[in-house]
Amino acid sequence: MKKQITKEQLESFRKSLNKRKYFSILLALFTLGVNIFAWFAFSANAGLELDATVAAWDVEFKDNTGVIARDIVVEVTKMKPGMPDFNKTIEIESNSDVSANFSYDVLSLSILGHTINLTNIQDVEDYLENYYPFSVTFDASSYVLSPTDSVTFEVNIVWPYDSQTPKYYQQNEVYDYNESFYYYLKSGTTYTETPIANQAAFNTQRNNLYLIKDDADSFFGMQCAQYEATSGQACLVMNMRLLVEQVH
């Protein structure tokens, strides 16, 4: 004889079944939540690792003596007309995996012990060309340093005996009066000889006076030799800084 299931027993069974379903759903949701959290944690870590990646940065400056610092000193001794051309060459080598811009600055310039207060490269070149019978030029093979590439930077100083056309050089604080020289005044493109009797007259008109190249050659040739003999210092001293900056 089959046992009769009472209404109370059936209701109790249904409640028990509902509780199991409820716990199963909670367990499934919990498992899903753990997996989602783990995925987000992995994604966040992966993102941090990417953000923390830093490109390698390794640049060397070299001259004929080997690796040097980015600050260089250019010293020229025994300067005189017709001297051998002066050349200083620096190789800037990149072992980096990013591109960079190359540039350079003049930190200080001294001629015959006089400090010249110019740092802009173009101003320095123009100043030397206008005032002195020697010229200083700067040249770089490129101003962009590609990854694992190199740039050649050169400082050249030349002092030729002669020029194809007459050249005149404006006087400044570095020059002194010499009674054996001929001085000139400039009007437009014309230079006219003017008598200068003594140091006082020279000092008064100095900034308006010019020397022709032969006399400028003689003055600086003698002055450089005398300055080096008495001071033990180079006639021209220039401190420079080479700059390499990453391209952002």
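Taken together, the values in this text are just the output of simple stated rules run on the coordinates, not laboratory data. Fair warning: this is a prediction, and the values are worked out from it, not measured in the lab. Here Cβ is always computed from backbone atoms with ideal geometry, including for glycine, and neighbour counts include all displayed protein chains.
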Item to complete: Please list the non-local residues whose amide H lies under 5 Å from the amide H of residue 104, H modeled 1.01 Å from N, same-chain partners needing a gap of 5 or more.
Response: 243
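What Kirkwood hydrodynamic radius, in Å, does the range 148-248 give when the mean of 1/r is taken over all pairs of distinct Cα atoms and then inverted?
Value: 16.7 Å, from the Cα pair sum.
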Discussion item. Starting from the 7 Å offset along Cα-to-Cβ, what nm value, one decimal, do you get for the label separation of residue 93 and residue 64?
Written reply: 1.8 nm
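What order, most packed first, do the peptides 198-209, 169-180 have when packing is the mean number of other Cβ atoms within 10 Å of each residue?
Packing proxy ranking, top to bottom: 169-180, 198-209.
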Item to complete: Arrange the peptides 127-135, 189-197, 226-234 so that the one whose residues have, on average, the most other Cβ atoms within 10 Å appears first.
Response: 127-135, 226-234, 189-197
Worksheet item: Given the Cα-Cα distance of residue 207 and residue 77 and 0.36 nm per residue of separation, how much length would full extension add, in nm?
Response: 44.1 nm
Worksheet item: Which number comes out as Rg/Rh for the range 75-180 once both Rg and the Kirkwood Rh are worked out on C-alpha atoms?
Response: 1.06
